[in-house]
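Student: This is the structure I want to talk about, given as structure tokens.
Read the figures in this text as sums done on the coordinates, not as results from a lab. Quick caveat, the model's predicted, so the values are computed rather than measured. Quick reminder, even Gly has a Cβ in these numbers, built from the backbone with ideal geometry, and neighbours come from all protein chains shown.
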2 protein chains.
Amino acid sequence: MAKNKRTPIDTSTEEKIKEAARVVFHRKGFAATRTRDIAEEAGINLALLNYYFRSKQKLFELIMVETTVAFFRTMDIVLNEKNSSLEEKVAHIVSNYIDLILKEPDLPIFMLSEIRNNPDLLLQRLPIEQVIMKSVFFQQHRQAVGEGGITEANPLHFLLNILGLTLFPLIASPLLKRVGNLNEEDFHQLMEERKKLIPVWIKSMMINSDYKPILMDESKLKEND
Amino acid sequence: MAKNKRTPIDTSTEEKIKEAARVVFHRKGFAATRTRDIAEEAGINLALLNYYFRSKQKLFELIMVETTVAFFRTMDIVLNEKNSSLEEKVAHIVSNYIDLILKEPDLPIFMLSEIRNNPDLLLQRLPIEQVIMKSVFFQQHRQAVGEGGITEANPLHFLLNILGLTLFPLIASPLLKRVGNLNEEDFHQLMEERKKLIPVWIKSMMINSDYKPILMDESKLKEND
DNA sequence: GTCTATATACGGATAGAC
DNA sequence: GTCTATCCGTATATAGAC
């Protein structure tokens, strides 16, 4: 905050290269990306890339970390909302991820590919485990299970189901468009439908139909800001 | 069949290279794979690769086509079973894909990555659309919708839900293992659980609970062998 | 900071001996 | 068919002028 002296619209060369690198790396992955592609995308000279970032590898790691953090922040924010019910959180996760990935279609495959190539390097340092397993979301899940409101005790199944229903069509979108003969417009509409449908499906598959929404935060969770 | 004169256990050099190429391409993708990696994996000399397959590109396309065909054959066989109900087909799809991908963990990300890099080349020629949209599975779905047995009229949602619940945990397995602190054994067990759970979930989320299983083939489908 | 020119390394592919 | 040695294009990275 204190030393943030960048221009409001940060169109500096360094920032242009970073943005271009993000786009190209996301689209083609590390190995298939040439530094020339990035320079061209950024509209700058190739030598400047090394001037600012030393190497392709260093630039990539920078992008990779930023991307991963951003991806999990989307989840972190929703999973730890203080004033929403479990059902509301489900709807938020679905909606936020659909919006995010419709805007950044290359994000999931990029992350999954590159994490696979470097499983430890990226995952060992980030506190993903903490963020998810100790989240308000999981606390609420545990509480609902205790009260007989949820039929499946393993919270991983619960989260996997939400993410599977939400992310899989986005991940497999090239195939889906081909199989269903959908253009971009149709595909977006299908995903908008799923924003409404998935929370309903999750409810009927995992939440007892006669369970009263007493799984509000008020009862158990303290707001310690 | 007629000209199949290969040795029973085909351990020929050509076959060794192909198998090695399959493994390495699946693990690292086209761009990150060096022909030297394949040669090493196969335990043969680098020059032999070009002797048998002319180029890295040609070898890759061979592997890619074989992989894609095999992947969709798994779906094709189940989707067009003549003597199974819709619910049975759901269970078969889930079980078959879980078994397949536990054995070949790199398959999904490999296919999705490479299809993305070359959307037309691979998908335009294969009759994926026909296989899926005109399958017995989809006919049965349509019939069940007509009889009020299924609540969601769009068959794409139906198939996406099955595949999303099944494939997403497999696709995201490195992340899942980290988040849930699962070793390989735990992970396999989780997927075995899902073999049983997913068909039940699908039933409760998309199939009317009081729907009689009259959606058998006998009534409508002809066996025209 | 930004450019041109170039050094250096790496990977795909082939020549030619065996 | 299989090997060794090598060629050659391409991509990363740097030197050095401006």
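Student: Looking only at the range A:19-43, which residues are closer than 20 Å to A:P105 by Cβ and either in contact with a Cys (Cβ under 6 Å, 6 or more places away or on another chain) or of a type in the set (K, R) (or both)?
Tutor: A:R22, A:R27, A:K28, listed by residue number.
Student: Which of (1) in contact (Cβ under 8 Å) with a residue 60 or more places away in the chain; (2) within 10 Å of chain B (Cβ to nearest Cβ); (3) over 22 Å from B:P199 (Cα atoms) does A:E147 not meet, given it meets every other one?
Tutor: Result: A:E147 passes all but (2).
Student: Sort through B:E61, B:E81, B:E87, B:E19 and tell me the only one that's surrounded by 14 or more Cβ atoms within 10 Å (Cβ to Cβ), touching a strand residue (DSSP E or B) at 6+ places or on another chain (Cβ under 8 Å) and under 30 Å from B:I132 (Cα atoms).
Tutor: B:E87
Student: Where residues in the range B:152-174 are within 21 Å of A:R116 (Cα to Cα) and polar (S, T, N, Q), which of them is surrounded by the fewest Cβ atoms within 10 Å (Cβ to Cβ)?
Tutor: B:S173
Student: Looking only at the range B:36-55, which residues are near DNA strand C (Cβ under 10 Å from one of its atoms) and either loosely packed, with under 12 Cβ neighbours inside 10 Å or free of Cβ contacts under 8 Å to residues at least 24 places away in the same chain (or both)?
Tutor: Once the filter is applied, which keeps residues that are near DNA strand C (Cβ under 10 Å from one of its atoms) and either loosely packed, with under 12 Cβ neighbours inside 10 Å or free of Cβ contacts under 8 Å to residues at least 24 places away in the same chain (or both), the range B:36-55 yields B:R36, B:D37, B:I38, B:A39, B:N45, B:L46, B:A47, B:N50, B:Y51, B:R54, B:S55.
Student: Here is a further query. Can you name the number of the only condition in (1) out of contact with any helix residue (DSSP H, G or I) (no Cβ under 7 Å at 6 or more places or on another chain); (2) under 29 Å from A:L112 (Cβ atoms); (3) of a type in the set (S, T, Y) that B:S85 fails?
Tutor: (2)
Student: Only one of these is closer than 25 Å to A:L175 by Cα, near DNA strand C (Cβ under 9 Å from one of its atoms) and not basic (K, R): B:T74, B:T33. Name it.
Tutor: B:T33
Student: Moving to a separate point now. Residues in the range A:137-151 that are crowded, with 19+ Cβ neighbours inside 10 Å and within 17 Å of B:V179 (Cα to Cα): how many?
Tutor: Going through the range A:137-151 one residue at a time, the tally reaches 2.
Student: I'm trying to understand the selection: among the residues of the range B:178-193, which are within 8 Å of chain A (Cβ to nearest Cβ), without any contact (Cβ under 8 Å) to a residue 12 or more places away in the chain and under 22 Å from B:N96 (Cα atoms)?
Tutor: B:E193
Student: On to the next question. When you scan the range B:34-42, do you find a residue that is away from DNA strand D (no atom under 13 Å from the Cβ) and within 14 Å of another protein chain (Cβ to nearest Cβ), even just one?
Tutor: There is at least one residue in the range B:34-42 that is away from DNA strand D (no atom under 13 Å from the Cβ) and within 14 Å of another protein chain (Cβ to nearest Cβ).
Student: Turning to a different aspect of this structure: What tally of residues in the range A:115-132 results from selecting those that are closer than 18 Å to A:M75 by Cβ and more than 7 Å from every other protein chain (Cβ to nearest Cβ)? Explain how you work it out, then say what you get.
Tutor: Step one: filter the range A:115-132 for residues closer than 18 Å to A:M75 by Cβ, giving A:115, A:122-123, A:125-132.
Keeping just the survivors that are more than 7 Å from every other protein chain (Cβ to nearest Cβ) gives A:122, A:125-127, A:130-131.
Here the count works out to 6.
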